[in-house]
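These notes concern the structure reproduced below.
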Amino acid sequence: MTRSATDTWTLTNAKYLASKVTTDMLRCQQNYREPDNDAINSYGTELALLLRDGYVATYEFGFKRNEQRLVSWSYTVDATGSISADDRPGRVVSGVDISNAVFFNYLTYSPAWGRLAQAERDSIKAGLPIQRVSGEPPADGQGYWERDLSYTSSGVALGRKTFRPL
């Protein structure tokens, strides 16, 4: 008996991965009161749409003070499927003093995004619930990065690492 199967990357797969990230955001909200529900929904929709078409390289959210990370969660897209685990979301660091800190959300685009014509990129951006501006992510503050979870769906993975304060 011979069997062949082809995985097709769909919006459903992208929504599944985005839901893992938005669950992490909800855990963040429980611990730090940000981001609010409307922002989480918008970030999740944006991430799902961009993931579906392969336009995301990295995604990060957290808190910064004086342009330095205090606590942060960063996701790297791996379209090779080499990360095979599909962890449950959560295990969000709690108890960090975020007084005088601001919430941030940062996304870097994949090479596929760069291959689009500017008019195509503008059209896609116009249909997203988040209107991003150019900028740089914050620098690492007093802490360290730790690889902790991975989320997968149909050969695409989001490897998560957490920036933890000392």
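The values are calculated or read from the model by the stated rules, or taken from the named source; none is laboratory data. Source: prediction; values computed, not measured. Cβ atoms come from the backbone with ideal geometry, glycine included; neighbour counts cover every protein chain shown.
List every residue pair whose Cβ atoms sit under 6 Å apart, with the two residues 6 or more apart in sequence or on different chains, where the first one lies in segment 144-159 and is touching a residue at least 12 places away in the same chain (Cβ under 8 Å) and over 11 Å from residue 76 (Cα atoms) and the second, anywhere, is of a type in the set (Ser, Thr, Tyr) and assigned to a strand (DSSP E or B). That search, which allows pairs on different chains as well, returns 146/162; 148/162.
Checking each residue in segment 124-166 for being under 16 Å from residue 107 (Cβ atoms), surrounded by 16 or more Cβ atoms within 10 Å (Cβ to Cβ) and charged (D, E, K, R) picks out 160, 161. Within segment 7-41, the set of residues being closer than 18 Å to residue 97 by Cα, of a type in the set (S, T, N, Q) and either buried (at least 17 other Cβ atoms within 10 Å of the Cβ) or touching a Gly at 6+ places or on another chain (Cβ under 8 Å) (or both) comprises 29, 31. Scan segment 134-161 for residues that are farther than 17 Å from residue 58 by Cβ and more than 15 Å from the chain's Cα centre (by Cα) and jot them down. Those that are farther than 17 Å from residue 58 by Cβ and more than 15 Å from the chain's Cα centre (by Cα): 141, 142, 143, 144, 154, 155. Applying the criterion of being of a type in the set (Gly, Ala, Ser) and surrounded by 13 or more Cβ atoms within 10 Å (Cβ to Cβ) to the residues of segment 97-123, the residue that is farthest from residue 55 (Cα to Cα) is 101. Give me a count of the residues in segment 34-84 that are more than 22 Å from residue 8 (Cβ to Cβ) and hydrophobic (A, V, I, L, M, F, W, C). So the answer is 7.
When segment 46-96 is filtered for residues that are out of contact with any Leu (no Cβ under 8 Å at 6 or more places or on another chain), farther than 25 Å from residue 113 by Cα, modelled with pLDDT of 95 or more and crowded, with 20+ Cβ neighbours inside 10 Å, the ones remaining, listed by number, are 69, 70, 71.
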